[in-house]
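Working notes for the structure below.
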Amino acid sequence: MDFEMTIYIAAEPETVWEAITGEAGSRAVMWGSVLRGELVPGSRYEYVGPGQDGEETVHVYGEVLEVEPPTLLRLSEHPGPSYRENHAELRSRMTWRLERAGEGLTKATFTNDEWSEGHPAAEETADTWPHVLSSFKSYVETGRALPFPA
């Protein structure tokens with residue numbers, strides 16, 4: 001169930017990087033969650049925000065695998081502890097690749113792969129990620145994220 005999608009965003013890679021890793025872009029696009037943790041290989045990160053455990057719900061967490069600002073971010077991913085009892089066993093990998101594609105234009109390729117067997121989110125990824133990626137594009141280009149269906 002590997003997923004890969006490429007989009008073009010009318011902004012420089014540094015601006016797109018900030019939207020992906022910064023608090024404002026993350027909060028706008030990732031259901032109010034922010035990316036916490038140092039973006040250094042081997043470090044732990046978490047997406048934390050409103051959810052079933054209150055304002056500090058850990059939605060996903062994992063390890064920073066590779067980081068080269070503003071062109072590459074590769075993370076392992078586990079669902080948050082409140083979502084699955086076996087959260088530590090469930091894993092996938094998320095990779096953002098950003099390339100300058102001309103003046104004021106970024107080619108952004110997102111890959112979600114290396115799914116552990118039986119990961120319940122694997123089947124949802126084809127529906128979820130296109131909306132999230134389109135929302136990042138909208139946020140960077142207009143300052144507004146897309147509304148998510150209820």
Scanning region 10-48 for residues that are without any contact (Cβ under 8 Å) to a residue 24 or more places away in the chain and among the small types (Gly, Ala, Ser), which turns out surrounded by the fewest Cβ atoms within 10 Å (Cβ to Cβ)? 42
Being open to solvent by 10 Å² or more (accessible area, probe 1.4 Å), within 19 Å of residue 133 (Cα to Cα) and touching a strand residue (DSSP E or B) at 6+ places or on another chain (Cβ under 7 Å) narrows 95, 71, 106 down to just 71
Entirely in region 16-126, the strands (runs of 3 or more DSSP E) that have 3 or more residues that are closer than 22 Å to residue 2 by Cβ: 54-68, 72-79, 92-102, 105-113
Scan region 132-148 and report the pairs whose first residue is assigned to a helix (DSSP H, G or I) and whose second residue is open to solvent by 60 Å² or more (accessible area, probe 1.4 Å), with Cβ atoms within less than 7 Å and a gap of 6+ or a chain change. 134/146; 135/146; 138/144; 138/146; 140/15; 141/10
Every residue in region 53-68 that is surrounded by fewer than 17 Cβ atoms within 10 Å (Cβ to Cβ), out of contact with any Gly (no Cβ under 9 Å at 6 or more places or on another chain) and not small (Gly, Ala, Ser), please. 66, 68
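The values are calculated or read from the model by the stated rules, or taken from the named source; none is laboratory data. Keep in mind it's a predicted model, so treat the numbers as computed, not measured. Because the Cβ atoms are built from the backbone with ideal geometry, glycine has one as well, and the counts that use them run over all protein chains shown. Just so you know, the surface numbers come from the protein's heavy atoms only, side chains and all, with ligands and any DNA or RNA stripped out. Shrake-Rupley method; radii C 1.70, N 1.55, O 1.52, S 1.80 Å.
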